[in-house]
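The values are calculated or read from the model by the stated rules, or taken from the named source; none is laboratory data. Here the structure is a predicted model, which is why all the values come from computation and not from measurement. Neighbour counts run over all protein chains shown; Cβ positions are idealised from the backbone, glycine included. For accessibility, only protein heavy atoms count, side chains too; no ligands or nucleic acids. Shrake-Rupley method; radii C 1.70, N 1.55, O 1.52, S 1.80 Å.
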Amino acid sequence: KLKTVFLNSAKECFPDIETVVYNMKPPRPETWRHDLPHSSLKVSKEVLKEDVLTAVCDIDLMFLNDISEIQKKNFDIAVTIRNWKHPLNSGVWFYNPGKKSKLFVETWIKNKLKIMKNVDKNKKVIEKYAGINQASLQMTIDQLENKTKILKLPCVIWNATQSEWKSVTEKTKIVHIKSQLRRYCLNLEKMKEEYAYLKPLVKKWKGYLK
């Protein structure tokens with residue numbers, strides 16, 4: 001269902017942009033936090049083959065508006081920043097092919113592998129950034145920020161997560177269907193009154209299943 005909504009909303013919002021979905025079954029290690037990095041490593045390696053501006057997205061997204069505006073911006077790598085204790089969210093990022101962006105992604109891959117090889121030693125940084133993906137992304141930004149044009153996009157527009165759901169407007173381009181919102185979309189829980197503001201998003205999401 002998540003994949004269906006991702007594809008249907010993408011087709012409606014930007015029908016002329018090619019969408020590629022990678023179906024992967026990562027190994028089941030001792031901790032769930034390894035699963036996403038295994039998948040993202042594969043995707044990152046595929047991204048390095050691209051010679052056009054590429055949006056790299058998790059499958060649990062719903063598009064609300066066209067994202068082609070990103071083509072007008074000047075950057076090597078673009079990431080999304082939220083107003084939360086873990087500012088970075090790696091569920092949406094953009095790759096503008098070139099030497100600097102290629103170096104950034106290659107370094108990010110190396111940092112992911114470095115953390116994954118010793119999870120216990122890196123437990124604090126993993127918890128600080130809510131996962132290996134984001135911990136390694138921050139590490140890469142720290143290393144290459146002065147050598148790479150990194151564009152920081154507001155999540156409220158480009159990747160609305162739980163810290164932005166209340167602030168979603170007609171300008172929001174992408175909503176991240178995670179945690180509480182995902183459970184309501186998939187009818188896994190009855191919506192609590194305090195989350196009533198999510199009703200329009202849930203309705204929109206379910207509309208893309210038809």
Mean-square fluctuation maximum in Gaussian network of the chain, Cα pairs under 10 Å, restricted to V56, V21, V47, hits V21
A chain fully extended from K110 to K42 at 0.36 nm per residue, minus the present Cα-Cα distance, gains in nm 23.2 nm
For the pair N118 and N187, the simple spin-label estimate (label points 7 Å beyond Cα toward Cβ) gives in nm 4.9
Residue span K3 to K73: 0.36 nm per residue of separation minus Cα-Cα distance leaves a gain in nm of 22.4 nm
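In terms of the Cα gyration tensor, with a ≥ b ≥ c the square roots of its eigenvalues, is region 65-109 rounded because a/c is under 1.5, prolate because a/b exceeds b/c, or oblate? Can you show the working numbers first?
Details: a/c = 2.48, a/b = 1.13, b/c = 2.19.
Taking the square roots of the gyration eigenvalues as a ≥ b ≥ c, region 65-109 is oblate.
Rounded if a/c is under 1.5, else prolate if a/b is larger than b/c, else oblate: which is region 54-210, with a ≥ b ≥ c the root eigenvalues of its Cα gyration tensor?
oblate
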Within the set K45, K114, K192, GNM on the chain using Cα springs under 10 Å gives the largest fluctuation to K192
In whole percent, the fraction of accessible protein surface over the chain that belongs to carbon or sulfur atoms, probe radius 1.4 Å, stands at 49
As straight-line cross-link partners of K171, the qualifying lysines (C-alpha separation under 20 Å, not fewer than 8 residues apart within one chain) are K11, K72, K73, K152, K199, K203, K204
Probe 1.4 Å, heavy atoms of protein chains only: per residue, the accessible area of region 39-114 in Å² is 47
The local net charge around F6, scoring Lys/Arg +1 and Asp/Glu -1 for residues other than F6 whose Cβ lies under 9 Å from its Cβ, equals -1
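Restricting to the chain, compute how many DSSP beta bridges are antiparallel as a %, nearest 5.
Numbers: 12 of 18 bridges.
Taking every DSSP beta bridge within the chain, about 65 percent pair in antiparallel fashion.
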Distance in Å, no decimals, from the C-alpha centre of region 65-118 to the one of region 178-206 is 28
